[in-house]
Each structure stands twice: as C-alpha cells, then as structure tokens.
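Below: the structure, in structure tokens.
The values are calculated or read from the model by the stated rules, or taken from the named source; none is laboratory data. All figures in this text were calculated on a predicted structure; none of them were measured in a lab. We place every Cβ from the backbone using ideal geometry, glycine too, and count neighbours over all the protein chains shown. With ligands, DNA and RNA removed, areas are computed over all heavy atoms of the protein, side chains included. Shrake-Rupley method; radii C 1.70, N 1.55, O 1.52, S 1.80 Å.
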Amino acid sequence: MSRPHVHRPEALGLLGLLDGRPLPRTELDRRLAALRTGPRASALPVAGSAEDRQLTRWVAQVVLTESLCEAEAAARGLDCAAAPPVRLDQRAAVELGSITAAAFEGSAAVRAVFADVTAEVDIPPEQRTAHPAPPPTLLWQLTTPDGEFEADPATLPLALAAALRAAPPGTEVTAHGWTATLRGTRSTAPPADPAAELLAAACRIAFVRWLDHARAHRLTLLPGLEHPGDPAQPDNHHRH
C-alpha cells in the first residue's frame, strides 16, 4: 500500500510526492492531452465521467512508475541507453500488470532498473530439468484441391497421412475421399527454452515485488490520482 493520501491545498497541480519531493503533473497533462487529440480519441471515455477519471489515474500511475525508476536508475548509476526498446508479449504484460507493462515499454529507466534488480534472479536446478525443451515440429507442405498449406502430419486424417508417407514425394494420393500431394517438409524453429521462460517469469515476479515495495514506501498519492484499482477511491468499479 502507498502512503496515506495528502489533502493539502498546496498539493493541487502535483502528480504526487516521490521521496517527499513534489512531482509536477505536467507530464500527466501532456499525455492526457495527446490521448484526447490523438487518432484514438473517439474510443476514450467521455470527459468528466468515472471512466475518464479512471483513465487519468491509470496514466498517472504509469508516469509515477517511470519517475520512480528514473530516480532509482540515477541512484544506482545505471546506463539507461543500454536498455533498448522492448515490445512485451501478452504473457509478460499480464504478469507485470498493465501499468508496469506500459511503463516498461515506454521508459528506458524502467527497463534499466528491471535488469539491475533482477540480475541475480535464478531458478532452482530441479525446475530447469523438470521442463525439457520439446523437439521441433515437422511440417508437411501440401497441395490439395482447396489450395496449398502446411500441416503437422499428426493433424491429418490417418488414412491420408499413411498414403502420403507410402507415396513418393510429389505424387498425388487419395484416401477416404481426401486428396493431397506432399511437396516437401520443413522443421519449425527450435522452441523457446522452457528454462529461459521460467527464468524470465521469475524475473518479472521479482521486479513486481520490488516495485510494489518501492511504490509503497517512496510514493505519496494525491486524491484523484490514486491507483485505479484502489478499493477506497470513489470510481473503483470492482466492489463486491
């Protein structure tokens, strides 16, 4: 949990406090204006609605996360230029959470801190050996009356697959009403190393834990800019 909200008049115009230092909301306002005048403006919530306020909270949390990591990167002496742009896959984005994923993709400082925080994360040897990499998949390149495509032989009708295996390559065969010609084969690229995927997931978990702790102890949120999932804020739609 973050520090208690401040309710001082002088807090107006601020994004929040980082280590007690006021952060102006200039960047938040800039990003909101860019969204509201951008190509997807018609898909945004109606101005002034609860959904619009939630959007403001979400963007605010992204900017706060970036600001926190910028300060952390400076404190650690990290070279943010060494953290190239990254496009997260769906699994990584879900594991990080939408706010952290957006900050990760948009900020080199976030990526640099992620790399430093998770540099020594590892997984136990038994987890590495428990998930051996599966072999590459062999695909058949087929021509049929309906067109050309590739298929795993195991997905074909059994009779057709057997006939294609028995016939010389390039020979049209018909079995149980299925007609096809095997033009060639190819192997898919070796699959990703399961151990590497487990390690990547462990790194994301470690970073989320570190970031949650840093947010709770270093950020002070302002009324109206709470986390959109905070059950105490009035626009939270996840009440039970």
Rg followed by Dmax, in Å, when the chain is reduced to its Cα trace: 26.2, 83
Nearest-ten-degree value, helix 26-36 long axis tilted from longest Cα axis of the chain: 50 degrees
Cα long-axis angle, helix 50-76 against the chain (0 to 90 degrees, to the nearest 10): 90 degrees
Computed label-point distance, nm, for sites Thr137 and Ala43 using a 7 Å Cα→Cβ extension: 2.9 nm
Sum of side-chain charges, Gly77 neighbourhood, beta-carbon under 15 Å (Lys, Arg +1; Asp, Glu -1): -3
Helix 108-117 vs. the chain, principal-axis angle (Cα, 0 to 90°, nearest 10): 80 degrees
Debye equation applied to the C-alpha atoms of the range 159-240, log10 I(q)/I(0) at 0.15 Å⁻¹: -0.78
Apportionment of accessible area to carbon and sulfur, the range 134-182, percent (1.4 Å): 60 percent
Approximate spin-label separation Ser187-Val94, in nm, with each point projected 7 Å along Cα-to-Cβ: 3.0 nm
Peptides ranked, highest mean first, by Cβ atoms within 10 Å: ranges 34-46, 18-30: 18-30, 34-46
Förster-model FRET efficiency, 41 Å R0, Glu126 and Asp152, C-beta, rounded to 0.05: 0.85
The range 110-129-the range 144-175 distance, computed between alpha-carbon centres (Å): 45 Å
Label point distance in nm, His217-Thr144, each placed 7 Å from Cα along Cα→Cβ: 6.0 nm
